[in-house]
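Below you'll find the structure, written out as structure tokens, and then a few comments.
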Amino acid sequence: MSSHDRKEDVVRRMLNGPHPAVPPDLADRAAGRGRRMLRRHRAVRAVGWVLLIAAIIAFTVWAVIVQPWTTPPTDTTPPLEGW
């Protein structure tokens, strides 16, 4: 008898044996847990969007104030030699 046949026999015995009792409120508890998980996922998604929008606004304000696309002003003038 191979290992596969033994495993199959064990599974058949488990399925043919007495089934455990299911709590009568199992469906209600599962639905409640699903609602809580869905609410949590929605809250996390909303917080993520708010953080993303805040980061975009902060970056835009920084870019308008600093203007990194312009060349920085020179603080020193080049020496005038040979005039």
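Cβ contacts < 9 Å: first residue surrounded by 10 or more Cβ atoms within 10 Å (Cβ to Cβ), restricted to region 41-58; second residue aliphatic (A, V, I, L, M) and modelled with pLDDT of 95 or more, any location; separation 6+ or different chain. Result?
Pairs that qualify, where the first residue is surrounded by 10 or more Cβ atoms within 10 Å (Cβ to Cβ) and the partner is aliphatic (A, V, I, L, M) and modelled with pLDDT of 95 or more: there are none.
Quickly run through region 11-24 and pick out the residues that are surrounded by fewer than 10 Cβ atoms within 10 Å (Cβ to Cβ) and either in a helix (DSSP H, G or I) or under 40 Å from the mean Cα position of the chain (by Cα) (or both).
Arg13, Met14, Leu15, Asn16, His19, Pro20, Ala21, Val22, Pro23, Pro24
The values are calculated or read from the model by the stated rules, or taken from the named source; none is laboratory data. What you are looking at is a predicted structure, and each value in this text was computed from that prediction instead of being measured. Please note: Cβ atoms are built from the backbone with ideal geometry, for glycine as well, and neighbour counts cover all protein chains shown.
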